[in-house]
Amino acid sequence: MPKNSLNVSLKGADDIFSTEESRQEQQREQVQQIPIGELFPFKNHPFKVLDDESMQRTVESVEQYGVLSPLIARPRPEGGYEIISGHRRQHAAQLAGLDALPVIVRQMDDDAAVLLMVDSNLQRENILPSERAFAYKMKLEAIKNQGARSDLTSGQIVQKSKLSIERVAEDAGEGYKTVQRFIRLTNLIPELLDMVDEKKIAFNPAVELSYLDESQQRDFLEAMNDTQNAPSLSQAQRLKKLAQEGHFSYDVAFAVMGEEKKDELDKVVIKNDTLRKYFPRSYTPKQMEDTIIKLLDQWQRKQQRQNER
């Protein structure tokens, strides 16, 4: 036998191609039709599924065309599938009366699932502050868990934590300090966090109020309701300082919230909903302002003529 001959056992062509085909089949993600009753929401899903105008449009689209983009889900140990991406589509499909949905099923651990769930939802146009806050917090914890090590010093752990939050910020297109401030909102009691979503409390004052403990936040909420005033940034900062110094109470919060704000003494605010009653829907805020000034000029000239008589 020649020196460099090889002892090779050749397979038939059918065996070779079927093996390659099966290998590709295993790697390829397949879209499955999953009964809607077997799909469950992601645990602690931070994004709200609201029956608003946008949802109604989604329902109408599903009724007409079906669900065009598959959901992503993972098997649950107790049976069924946990939705990672597609909660709004599932809800719309339920309202539209569908029995099954197209789903890509993936085997994913908890941290990988959190990262995909957060990133897929942060692409939406309108995201509430509370949604962003809890999403950033969940993603930060998942990143930390993925790189968890037990042999790091305390200094290395602090540095690693900073790098983790910088990754969250970079992925979101935010500064890392902004991400930190959003995460602070998760310390607010639900009633105050709802007010941030409803724009009854501005973002920056809300961050300062997040440093109050739960009991102090409830005293503040009561004081805010009793005075019918929303906190300014300076008021929230003062309340935070008073709490840190051990001087916070309902009476203190009531006194601070009952103060007249300087900016309220020298400006008049007319709500957009009030103005909209008097203008065509096509008018921009600038057009409304120009029209109001023109009408005020006419009124002033009329008043002057009457006074000259």
Selected residue (criterion: nearest to Asn126 (Cα to Cα)) from residues of the stretch 62-110 that are of a type in the set (S, T, N, Q) and over 24 Å from the mean Cα position of the chain (by Cα)
Gln64
Could you grab the pairs with beta carbons closer than 6 Å, sequence gap of 6+ or different chains, first residue in the stretch 110-122 and free of Cβ contacts under 8 Å to residues at least 60 places away in the same chain, second one not in a helix (DSSP H, G or I)?
Leu116/Ile84; Ser120/Ser85
Take the residues in the stretch 288-309 that are charged (D, E, K, R) and under 42 Å from the mean Cα position of the chain (by Cα), then tell me which one is modelled with the highest pLDDT.
Lys294
If you check Arg167 against the conditions, is it touching a Lys or Arg at 6+ places or on another chain (Cβ under 9 Å), more than 30 Å from Asp52 (Cβ to Cβ) and at pLDDT below 85?
no
Picked from the stretch 72-109 (must be touching a residue at least 60 places away in the same chain (Cβ under 8 Å) and among the charged types (D, E, K, R)), the residue farthest from Glu38 (Cα to Cα) is Arg106
Considering only residues that are surrounded by 15 or more Cβ atoms within 10 Å (Cβ to Cβ) and touching a Pro at 6+ places or on another chain (Cβ under 6 Å), which ones fall in the stretch 213-240?
Pro231, Ala236
From the set of residues in the stretch 42-60 that are out of contact with any helix residue (DSSP H, G or I) (no Cβ under 8 Å at 6 or more places or on another chain) and part of a helix (DSSP H, G or I), which is farthest from Leu115 (Cα to Cα)?
Glu60
Does Ala133 satisfy the condition of being closer than 29 Å to Asp194 by Cα, touching an Asp or Glu at 6+ places or on another chain (Cβ under 6 Å) and not polar (S, T, N, Q)?
no
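The values are calculated or read from the model by the stated rules, or taken from the named source; none is laboratory data. Computed from a predicted model, the values in this text were never measured in an experiment. Cβ atoms come from the backbone with ideal geometry, glycine included; neighbour counts cover every protein chain shown.
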